[in-house]
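J.: Dropping a structure here in structure tokens format, bear with me for questions.
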2 protein chains.
Amino acid sequence: MNKILIFGVGLIGGSIALSTKKSGIASDIVGVGRNQDNLNDAIKLKLIDRTSQELNKDIAEAHIIIIATPVAQFSSILKTIQPHLSSHTIITDVGSTKTSVIESAKEILGSQYSQFIGSHPIAGSEKHGATAAHIDLFKGKNVILTPDQDTSPRAKEVIELLWKNAGAIVSNMSHGDHDKIFSTISHLPHLLAFSLVDMITQRTNANELLKFAASGFKDFTRIAASSPEMWKDITLANREFILEDIKHFENQIKLLKEAIEQEDAKKILALFENASKTRSEWSR
Amino acid sequence: MNKILIFGVGLIGGSIALSTKKSGIASDIVGVGRNQDNLNDAIKLKLIDRTSQELNKDIAEAHIIIIATPVAQFSSILKTIQPHLSSHTIITDVGSTKTSVIESAKEILGSQYSQFIGSHPIAGSEKHGATAAHIDLFKGKNVILTPDQDTSPRAKEVIELLWKNAGAIVSNMSHGDHDKIFSTISHLPHLLAFSLVDMITQRTNANELLKFAASGFKDFTRIAASSPEMWKDITLANREFILEDIKHFENQIKLLKEAIEQEDAKKILALFENASKTRSEWSR
């Protein structure tokens with residue numbers, strides 16, 4: 001009998017609960033969370049078998065612990081877990097940044113850090129909460145694991161199996177590579193989308209601007225509707241790579257600005273053609 | 001019997017042809033274009049009744065002339081039209097920038113400029129050509145007309161009716177206001193999306209970056225797959241407002257960069273909250 005303890009039974013936590021149940025990996029799925037309504041939803045939807053009544057006992061008995069809360073709660077949850085952690089339990093998280101998470105895990109878990117492995121399922125959505133969870137959320141999606149030399153082979157195996165059972169495509173990379181890659185393809189675009197919408201709200205004719213904004217603007221700014229709290233945490237946690245990317249992007253914009261100032265049609269066209277070709281060939 | 005002459009029977013030209021036919025505004029719809037295959041499609045799909053065999057005669061007899069080619073061809077088409085233009089014919093275009101179009105029209109049409117009114121239907125798509133045309137393209141979409149003190153009341157009436165018959169919501173504004181608004185809500189986002197994709201292609205790990213890019217990146221960069229030729233023309237035609245907006249955006253990014261450098265969580269959160277609230281409330 002496998003006991004899985006999930007902190008944060010939202011979109012991600014609830015969906016992984018569903019697939020572990022279905023695949024038979026887990027027979028006792030226990031949910032922990034601060035929002036009782038959400039936990040009630042999770043039970044009603046059969047994402048979890050029960051909530052934790054004796055948390056220390058559930059921690060001590062858990063085969064797998066999944067921390068699926070916002071990143072900012074990670075350290076305090078790990079501190080709750082640490083005193084009761086058996087040597088057999090494997091822990092993972094689902095955060096969008098990995099270096100800060102792994103630094104915390106090393107610090108808090110000490111010699112038991114080997115039982116931890118970071119996960120990042122690339123399966124976000126604007127929807128959230130237990131009611132948004134579904135069994136196909138990770139099907140065909142990338143999940144990145146960030147083991148290092150201290151991670152136990154068993155932690156790698158157990159967590160890889162967890163995600164593969166959910167239908168995910170599992171890759172391994174260092175936490176540094178992870179954070180550098182996601183700074184560029186995810187964090188920077190979010191900051192640019194937030195910034196464009198912010199800029200528009202500062203205009204005296206903001207309402208008129210928004211009235212005429214159409215489908216291009218809609219798609220470009222969709223990610224600007226993301227959770228401010230979550231993205232503030234990601235931005236701070238990954239600030240070094242993000243600052244590097246902002247500087248690269250500023251330089252990119254400067255080159256385009258100069259080409260426009262010089263009315264350099266050839267250069268502008270070459271830039272657009274390169275981007276258009278790359279984006280057209282990249283399909284998902 | 002109303003004769004409508006359409007230069008460029010693509011997505012926009014073909015769709016307006018369909019609705020003028022259906023509403024009975026036009027009984028003889030004549031297509032002109034450089035691409036014979038596309039014109040054949042347009043006839044086969046009954047977007048147009050025929051192609052022009054005697055262009056000067058068709059120009060002289062047209063009640064309405066619609067110029068729906070890429071903006072860069074506008075001047076040369078207007079020069080073709082001008083010598084044969086009757087005093088009863090109304091002309092419009094469908095370009096995404098209006099100031100450069102109107103300057104050309106004033107220069108080329110001279111005293112007959114009063115017969116011209118600029119249109120901008122906000123109904124783009126990545127699809128193009130006659131085969132992409134459909135009768136509902138403009139339904140519920142904004143179309144902006146840019147008349148000035150020299151535009152004849154009849155030109156305003158005829159072209160407003162043309163678009164209203166297609167189901168569009170018609171607004172009037174000056175060509176300057178138009179270009180300033182669309183610089184911010186359309187042209188700048190396109191340049192940012194092109195720039196982000198360009199930046200990624202320059203990385204040695206571009207393939208790895210694109211491999212892990214997910215739905216947020218997909219939507220953010222969708223417009224980076226747009227026509228490079230068309231967007232080079234728009235960028236140059238509207239370069240003054242675009243350069244102003246790039247400078248505003250650079251400043252916006254600088255403020256965010258400083259907040260990240262200072263780890264100013266409160267300021268970062270306030271920026272994101274403002275953007276997220278605005279974007280969430282704006283729905284289309």
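The values are calculated or read from the model by the stated rules, or taken from the named source; none is laboratory data. Predicted model only: the values in this text are computed from it and were never measured. All Cβ positions, glycine included, derive from the backbone under ideal geometry; neighbour counts span all protein chains shown. Heads up: the accessible areas ignore ligands, DNA and RNA and are worked out on the full protein's heavy atoms, side chains in. Shrake-Rupley method; radii C 1.70, N 1.55, O 1.52, S 1.80 Å.
J.: Could you work out the local net charge near A:I185, counting Lys and Arg as +1, Asp and Glu as -1, over the other residues with Cβ closer than 11 Å to its Cβ?
T.: Within the 11 Å Cβ shell, the charges total +2.
J.: For chain A, with the dipole built from +1 on Lys and Arg beta-carbon atoms and -1 on Asp and Glu ones, taken about the Cα centre, which of A:S96, A:I48, A:I66 lies farthest toward the positive end?
T.: Checked the options; the winner is A:I48.
J.: Taking Cα atoms, how many degrees apart are the long axis of helix B:188-201 and the longest axis of chain B, rounded to 10 and kept between 0 and 90?
T.: So the inclination is approximately 60 degrees.
J.: Here is a further query. Within a 10 angstrom radius of each residue's Cβ in A:175-187, how many Cβ atoms of other chains show up on average? Whole number is fine.
T.: Mean partner shielding for this stretch: 4.
J.: Another question, if that's okay. If you count, for every residue in B:226-234, the Cβ atoms of partner chains within 10 Å of its Cβ, what is the mean?
T.: The mean count of partner-chain Cβ atoms within 10 Å per residue comes to 5.
J.: In chain A, which residue puts its Cβ closest to the axis that turns chain A onto chain B, and how many whole Å away is it?
T.: A:D219, 2
J.: What is the percent carbon and sulfur in the accessible area of the stretch A:3-173, measuring with a 1.4 Å probe over the protein chains and ignoring ligands?
T.: Percent of accessible area from carbon and sulfur atoms in the stretch A:3-173: 50.
J.: Of the GluC sites (Glu not before Pro) in the stretch A:165-272, which ones lie in a loop per DSSP and count no more than 11 other C-beta atoms within 10 Å?
T.: Sparse-neighbourhood loop GluC sites (Glu not before Pro): A:E263.
J.: Counting alpha carbon pairs within less than 8 Å and at least 6 residues apart, what relative contact order, in whole percent, applies to the stretch A:3-173?
T.: Reported relative contact order: 25 percent.
J.: Where does helix A:11-23 land angle-wise versus the long Cα axis of chain A, in degrees 0 to 90, nearest 10?
T.: 50
J.: Out of all DSSP beta bridges in the stretch A:3-173, what portion is antiparallel? Express it as a percent rounded to 5.
T.: 10
J.: While we're on this one: Assume the label is 7 Å from Cα along Cα to beta carbon: what separations in nm does B:E240 have to the matching positions in the other copies?
T.: 4.7
J.: With +1 assigned to the C-beta of every Lys and Arg and -1 to the C-beta of every Asp and Glu, and no other charges, what is the dipole magnitude of chain B about the Cα centre in debye, to the nearest 20?
T.: 660
J.: What net charge do the residues around B:H134 carry, taking every other residue with its C-beta under 12 Å from that of B:H134, with Lys and Arg at +1 and Asp and Glu at -1?
T.: With Lys, Arg at +1 and Asp, Glu at -1, the neighbours total +2.
J.: Return the single residue from A:I242, A:I77, A:I64 with maximal mean-square fluctuation; model: Gaussian network over chain A, springs between Cα atoms under 10 Å.
T.: A:I77
J.: Select from B:Q149, B:Q115, B:Q73 the residue whose mean-square fluctuation is largest in a Gaussian network model of chain B (Cα-Cα springs shorter than 10 Å).
T.: Maximum among the listed residues: B:Q149.
J.: Lys/Arg Cβ at +1, Asp/Glu Cβ at -1, dipole of the protein assembly as shown taken about the Cα centre: which of A:L188, B:L137, B:I81 is farthest positive-ward?
T.: B:L137
J.: With +1 on each Lys and Arg Cβ and -1 on each Asp and Glu Cβ, how big is the dipole of the stretch B:154-263 about its Cα centre, in debye rounded to the nearest 20?
T.: The dipole of the stretch B:154-263 has a size of about 320 debye.
J.: When Cβ neighbours within 10 Å are restricted to other protein chains, what is their mean count per residue of peptide B:235-245?
T.: Going residue by residue through B:235-245 and averaging, the value is 3.
J.: Any idea how far the Cα center of the stretch A:125-189 sits from the one of the stretch A:211-241, in Å?
T.: 21
J.: Helix B:99-109 sits at what angle to the longest principal axis of chain B, using alpha carbons and giving 0 to 90 degrees rounded to 10?
T.: It is inclined by approximately 20 degrees.
J.: Using the Karplus curve 6.51 cos²θ - 1.76 cosθ + 1.60 with θ = phi - 60°, work out ³J(HN,Hα) for each residue of the stretch A:81-97 in order, rounded to whole Hz, and write x for Gly and Pro.
T.: Along the stretch A:81-97, the couplings run 6, 3, x, 10, 6, 6, 6, 9, 6, 9, 10, 9, 10, 9, x, 7, 10 Hz.
J.: Rounded to the nearest 100 Å², what's the accessible area chains A and B bury against each other, both chains counted, probe 1.4 Å?
T.: Interface between A and B: roughly 8000 Å².
J.: Starting from the Cα of B:N251, step 7 Å toward the Cβ, then list every residue of the stretch A:184-224 with an amide N under 19 Å from that point.
T.: Output list for this probe position: A:192-207, A:209.
J.: Report the residue, chosen from B:L269, B:L145, B:L39, that carries the largest GNM mean-square fluctuation when chain B is represented by alpha-carbon nodes joined by springs under 10 Å.
T.: B:L269
J.: Here's another thing I want to ask about it. In deg cm²/dmol, rounded to 500, what helix-only [θ] at 222 nm does chain B give when every DSSP H run of at least 4 residues adds -39500 (n - 2.57) and the total is split over its residues?
T.: Value at 222 nm, helices only: -15500 deg cm²/dmol.
J.: Relative contact order for the stretch B:177-281 using alpha-carbon pairs under 8 Å, separation at least 6, rounded to a whole percent?
T.: After rounding, I find 35 percent.
J.: Counting only DSSP beta bridges with both residues in the protein assembly as shown, tell me the antiparallel percent, nearest 5.
T.: 10
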